[in-house]
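Colleague: Dropping the structure in here first, questions after.
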Amino acid sequence: MADGYTVFQGDAGEALDYFRSCKFNVPKRCNPSDFFMKALDVKYPKQNDDIEKLERLNRAYRFQIEKRNEVENKMIKLPIPESYAAGEKSYRASIWI
């Protein structure tokens, strides 16, 4: 999270590559968690560099979620209900459903 916005959602192992793609390079021999806490910190009042950083992170996160949704939407295939395919209109579920 940065400034109340989710900027990454995923496995911890993916975090380093993800943040490298957002131009946050973790130095060698640095704890990634400590680095992320400092790198994602926003000072108040917000400076231009903070605003640019948040916009870059939000854009990357939206792209990641959109890509994940596209993949999941292709995997989900629900069958058409028989009553709908037959042209019947049903407004309530039967006792068996």
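The values are calculated or read from the model by the stated rules, or taken from the named source; none is laboratory data. All values reported here derive from a predicted model rather than from experimental measurement. All Cβ positions, even for glycine, are placed from backbone atoms using ideal geometry, and neighbour counts span all protein chains on display.
Colleague: Can you list the helices (runs of 4 or more DSSP H) lying wholly within the range 12-75 that have 2 or more residues being under 14 Å from the mean Cα position of the chain (by Cα), surrounded by 11 or more Cβ atoms within 10 Å (Cβ to Cβ) and among the aliphatic types (A, V, I, L, M)?
Modeller: 48-75
Colleague: Could you list, ordered by first residue, the pairs with Cβ atoms under 7 Å in which the first is in the range 65-92 and under 30 Å from Phe8 (Cβ atoms) and the second is surrounded by 10 or more Cβ atoms within 10 Å (Cβ to Cβ) and at pLDDT below 80, at least 6 apart or interchain?
Modeller: So the pair list comes out empty.
Colleague: May I ask you to list pairs of residues, at least six apart or on different chains, whose Cβ atoms are under 7 Å apart, with the first in the range 29-57 being under 15 Å from Met1 (Cβ atoms) and in contact (Cβ under 8 Å) with a residue 24 or more places away in the chain and the second being surrounded by 15 or more Cβ atoms within 10 Å (Cβ to Cβ) and charged (D, E, K, R)?
Modeller: Val42/Asp3; Val42/Asp50; Leu54/Asp3
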